[in-house]
Amino acid sequence: TLGTQTDYRDGEAQTDPCSPEYVVPSGSVPELLTLATLTWGRGLPAGLAEVEMIERAREKRAWEATLPAMNNASQIAKRRKMMDDMERKEWAFREQEIEKLQEVRLEVLKKLLWRREKNQNELDAKRLHDHWQNHQKAKEEKIKKIQHDCALMLRKLIAKRKNVFGKLERRDIIKEYTDFASQIYAPLSRIGYFPDNHSECYVVKNFYLNTFAGLCELEASLPDSVTQLKIKAPKPKYTTTKTGFIKRSARLEVELAQVHQALLEKKNKVKEPKKPLRFLEKVEKPVPRPPTPILEKPSIEEEETELAVICLQKLLRGRAIQNMMFEGKKKRLELIRELRTTHALQEDGQLLLKAEEQMTLALQQQHDLQMHKLSSVESHLAREEGRVLANIFDFLSKELVRLQEERKIHAFVMLAERQRRMREAEESGRRQVEERRRQEEDEIFKQAREGDCTIDSYLEDIILSGMEITAEEQAREEIQRMAVEINDIAYEMESRRTRLQSEEIVAELVYDFLIPEAEKMSIREKVRQSQRKHIYAAHQIIHRGIE
């Protein structure tokens, strides 16, 4: 009437099935006793192989029941023939079992080869894809370089086409300053001007702006009108003067408002559909264009003369500009000296810059030392990791060899155990038959002893004992011969195993044991990191509520 709940499952608390004691009545041999060698986990619960073994044992008992008796000398040849036939059938059955085992091993080997070929194909496809990606990158880089060279050559051709005859034009400063897209306002970096270079020289460094004491002093020197603002209401603008004339700014504002209104109307104006023509209209032909003037090609001598005059003009203008520079230098010599003296006063600033430069160099050396230490630590860690991995692989390879040997020994033990069970079942049936026969013979012997003991019974006893001894010796020789054959087969399988199969087994062990363990560790770390945020938030809420 009560229910309980434990920490164990039913499967964990389940014990082996109970085997109670039994009593066999005299004169009866139950068939169930032939299966006494089968225990839980070793043959029980019975599978297809055990059922087949039981059926073969029944057939064997039925066959033994059909054997002729040993006391009849005329039936000995028939008995020997039937026993030989039965032995041949048993050997054929054993050959079939060995063939089945070989087929299972062949299927496993085929699956391993197929898996290895699949992995190799995937690796080849990945390598081919990487090779193709590298070629694509090289191709894109070549295309970019060709496009860059093409743009450069096009710019050169456009510049040459602007001045086909090689005439030099005077610089128009007014035009350059009126055009906001000229080199004055937006110089090109390919010409050699980089506006961002040396921009730190334009930074204003002032004591009153860069230090807190300077700011306090500057704030104290400012009048109250700067810190305490007084807002005055704006006065309305008068568009007319005292004499009654409209100001120019007012007229401009009115004109701008009119223009803006006209633009809005034009923008928002809806196009009217074209009306059909009521009368024919005359289409006037356009005025023919005048003929294109043709420039006469100058002679080679005139071109050479013009180019020589242009070169002379360049030299004269350059010399004149140089003379003007020297004259200006002489005129402003005192100003130049004054500027040099002011630059001499900036030596303190230069010393500060040198000190900062030395500090940055020291920091850089310290950073290099730290990086060197980090690289050495990483190299040591990599060495230790390699040593640990080598020990792990060595241990796995030894474990693999040990597991293979264990499996081989277990297979031999299972085969021997199975053969022992079969022989014990056969021997138990044979022993029961012999015991029954011995009881009959004892009864006959007793009856004969009561009367006259014949020499036939005596000879039969001698023949039976001799047959038992010979059967025991033959069974022992046959067991030894089968053990030698099984041992030879095992050594031959071990010698046929290649290095590739060993590597595949090691790779499977690494893939089945090492990689899943590393993935589990990484997943646990991720879960721990994700849970830490929630724990931290819960702690904050709890502490806040306590406070």
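The values are calculated or read from the model by the stated rules, or taken from the named source; none is laboratory data. Worth saying up front: this structure is predicted, and the values here are computed from it rather than measured. Backbone-built Cβ (ideal geometry, glycine too); neighbour counts: all protein chains shown. Just the protein is used for accessible areas: all its heavy atoms, side chains included, with ligands, DNA and RNA removed. Shrake-Rupley method; radii C 1.70, N 1.55, O 1.52, S 1.80 Å.
Taking 491, 202, 185 and ordering them by how much accessible surface each has at a 1.4 Å probe, largest first, produces 202, 491, 185.
One chain, two ends: residue 132 and residue 197. Fully extended at 0.36 nm per residue, the span grows by 19.3 nm beyond their Cα-Cα distance. Across the chain, Cα-Cα distances exceeding 37 Å account for 78% of all pairs.
Here residue 534 sits with roughly 130 square angstrom of accessible surface, probe radius 1.4 Å.
Sorting 70, 359 by accessible area puts them as 359, 70; the probe is 1.4 Å, largest comes first, and only protein heavy atoms count. Placing R0 at 35 angstrom, the Cβ-Cβ distance between residue 295 and residue 155 gives a FRET efficiency of 0.85 after rounding to 0.05. Computing FRET efficiency as 1/(1 + (r/R0)^6) for residue 361 and residue 258, where r is the C-beta to C-beta distance and R0 is 60 Å, gives about 0.30.
Placing +1 on the Cβ of every Lys and Arg and -1 on the Cβ of every Asp and Glu, with no other charges, gives the chain a dipole of roughly 7920 debye about its Cα centre. Between 138, 113, 77, the Cα set farthest toward the positive side of the dipole of the stretch 50-164 (charges on each charged residue's Cβ, about the Cα centre) is that of 138. Over the stretch 50-164, the hull volume per residue, using the convex hull of the C-alpha atoms, is 118 Å³. Taking a point 7 Å from the Cα of residue 247 along the Cα-to-Cβ direction, the residues of the stretch 213-235 with backbone N closer than 12 Å to it are 235. With θ taken as phi - 60° and the Karplus curve 6.51 cos²θ - 1.76 cosθ + 1.60 applied, the whole-hertz 3J(HN,Hα) list for the stretch 93-110 is 5, 5, 4, 5, 4, 5, 5, 4, 4, 5, 5, 4, 5, 5, 5, 4, 5, 4 Hz, x standing for glycine and proline. Over the chain, Cα pairs under 8 Å with separation of 6+ residues give a relative contact order of 19 percent. Computed from the Cβ-Cβ distance with R0 of 25 Å, the FRET efficiency linking residue 311 to residue 179 stands at 0.30. Rolling a 1.4 Å probe across all protein chains gives residue 145 an accessible area of roughly 130 Å².
Taking a Cβ cut-off of under 12 Å around residue 362, the surrounding Lys, Arg, Asp and Glu residues balance to a net charge of -3, with basic ones at +1 and acidic ones at -1. On a per residue basis, the chain carries 94 Å² of accessible surface, using protein heavy atoms and a 1.4 Å probe.
Computed with a 1.4 Å probe on the full set of protein chains, the accessible area for residue 442 sits at about 80 Å². Multiplying the residue separation of residue 117 and residue 504 by 0.36 nm and removing their Cα-Cα distance gives an extension gain of 138.2 nm.
For the chain, the residue among 199, 250, 187 whose Cα projects farthest onto the positive side of the dipole built from Cβ charges is 250. Across 35, 128, the residue with the most accessible area heads the list, and the full order at a 1.4 Å probe is 128, 35.
With a 1.4 Å probe and every protein chain kept in, tell me what percent of the accessible surface of the chain is carbon plus sulfur. In the chain, the share of accessible area belonging to carbon and sulfur is 59 percent.
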